[in-house]
Structures are given as C-alpha cells and as structure tokens.
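The structure under discussion appears below in the form of structure tokens.
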Amino acid sequence: MNLTELMMRRRSCRKFTDEKLTADEIHELKRVALCAPTSKNCRSWEFVFVTDSATIKALSVSKEAGAAFLEEAPLAVVVLADTTKTDVWVEDTSIAATFLQLKAEEMGLGSCWAQMRGRGFADGRSANDIIKALVGAPEQFEVECVIGIGHKAQERNPYTDEKLPFEQTHDNHF
Ligand SMILES: Cc1cc2nc3c(=O)[nH]c(=O)nc-3n(C[C@H](O)[C@H](O)[C@H](O)COP(=O)(O)O)c2cc1C
C-alpha cells in the first residue's frame, strides 16, 4: 500500500477487540512518534504509552464527552509537551499524534484522537490537570490529546476521490 492509499484508508476507529498490542508493536509506534518534526528541532513532545486498564479507564472519563471510546482501547497514548521549550507545542504534538495514527493504520490497527487541550468539565476541572495527575507529568507540561489504539472491531470505508472536498483547495487565489 502506498502512502496515499494508507492516508485515504485511515478512518477514526472507536471500537476495539480485546487483543492486546505486543511490546514490539508498541516499540514500532514509539519509533515513529519520535521521528515527528518539531519547531527548531526542540522535540517538545513526550508520550506516555498507557496499557494499564485502570489508567485507561480514568483517561476515558477525563473530560465531559468524546473520550468514552478510550475505555475499550488496549493502548492509550498521552501526547503532551514541555511548554517551556517552544510556543508551538500544539503544532509539534499534533504532527506527532498524526504520525502515530498513520503508523497504526499501516500496522493494521485502528486509532482515534481524543482532544484534551482546552477540554474538561463544566465545573472548571480541566482534562489537562486530571491527566497530568494520572500519569505523573511535571508542572510545565500540557496535554494535547490522547490517541486510542487497538485492533479494529469495526471497519470503515476509506476516503474516495468523489468524497473529498476539492472545492476547499484553491489555485493561486482563494
Ligand atoms: C484535533 C482533533 C480532535 C478530535 N477530537 C476527538 C474527540 O475528542 N473524540 C472523538 O471521538 N474523536 C475526535 N476526533 C476524531 C474526529 O472526529 C475525526 O477525525 C473526524 O470526524 C474525521 O473522521 P476520520 O478520522 O474517520 O477521517 C478528533 C480529531 C481531530 C483531528
């Protein structure tokens, strides 16, 4: 499968089988995350690969809505950054999270992004504080997202050219 086919095949997967990932599979994901480019090569990102089911369950309720799917995932990757290293850590972490999702697809795994930066609960508790406490991250870190990864328990149609919004691309002028 070439890169374009892989990218068109990647769809968010929120349902996973019980099958665990192997240590080798997790290592492959780590290799790719650590290749992600960063501003001035500052490598502001860090990744917490969570396989502990109690911690994953806690991550799945770390914001009001939209993270429940994590509970089923055998692996949840907390993508966070040292905000003292750069003002563009959102970009750094987002690129790395995307690399992780594409690698997962290449490995035949499913994945989905759970947004955490700027999310939380109506009573003011932030997902960032909750997750940092859960994984023991230092003060200067901020959480961008959690990527749930596992063996797919649902198949979704790949993107096709017919469904792509080419009208949102512009040549020379908007
Ligand atoms: C920045 C970002 C934040 C997202 N946050 C969530 C989320 O909190 N919960 C969720 O279930 N999906 C989340 N998603 C997945 C999107 O809903 C999904 O990518 C989008 O609907 C397009 O579908 P596709 O991934 O199958 O192409 C997020 C995706 C991105 C890129």
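The values are calculated or read from the model by the stated rules, or taken from the named source; none is laboratory data. Nothing here was measured: the structure is a model prediction, and the numbers come from that model. Note that each Cβ is placed from the backbone with ideal geometry, even for glycine, and that neighbours are counted across all protein chains shown. Side chains included, ligands, DNA and RNA excluded: accessible areas come from the protein's heavy atoms. Shrake-Rupley method; radii C 1.70, N 1.55, O 1.52, S 1.80 Å.
Ser60 falls short on exactly one of the conditions (1) touching a Cys at 6+ places or on another chain (Cβ under 8 Å); (2) hydroxyl-bearing (Ser, Thr, Tyr); (3) under 14 Å from Ile131 (Cβ atoms), and that condition is (1). For Ser60, are the conditions met, namely being at pLDDT 95 or above, among the small types (Gly, Ala, Ser) and within 15 Å of the ligand (Cβ to nearest atom)? Yes: the conditions hold for Ser60. Within the set Leu6, Leu29, the sole residue that is surrounded by 13 or more Cβ atoms within 10 Å (Cβ to Cβ), within 15 Å of the ligand (Cβ to nearest atom) and at pLDDT 95 or above turns out to be Leu6. Take the residues in the range 32-52 that are open to solvent by less than 30 Å² (accessible area, probe 1.4 Å) and in contact with a Leu (Cβ under 9 Å, 6 or more places away or on another chain), then tell me which one is farthest from Val78 (Cα to Cα). Step by step, filter the range 32-52, then rank; the result is Ala36. Taking the condition under 22 Å from Val78 (Cβ atoms) and open to solvent by 50 Å² or more (accessible area, probe 1.4 Å), does Lys152 pass? In short, yes. Of the residues making up the range 104-141, those that are open to solvent by less than 50 Å² (accessible area, probe 1.4 Å), away from the ligand (no atom under 16 Å from the Cβ) and farther than 18 Å from Ala73 by Cβ are Lys132, Ala137, Phe141. Meeting the requirement of 2 or more residues that are touching a residue at least 24 places away in the same chain (Cβ under 8 Å) and under 16 Å from Glu142 (Cβ atoms), the helices (runs of 4 or more DSSP H) wholly within the range 14-132 are 89-106. Screening the candidates Glu144, Glu71 for the property of being of a type in the set (D, E, K, R), within 14 Å of the ligand (Cβ to nearest atom) and open to solvent by less than 10 Å² (accessible area, probe 1.4 Å) yields one hit, Glu144.
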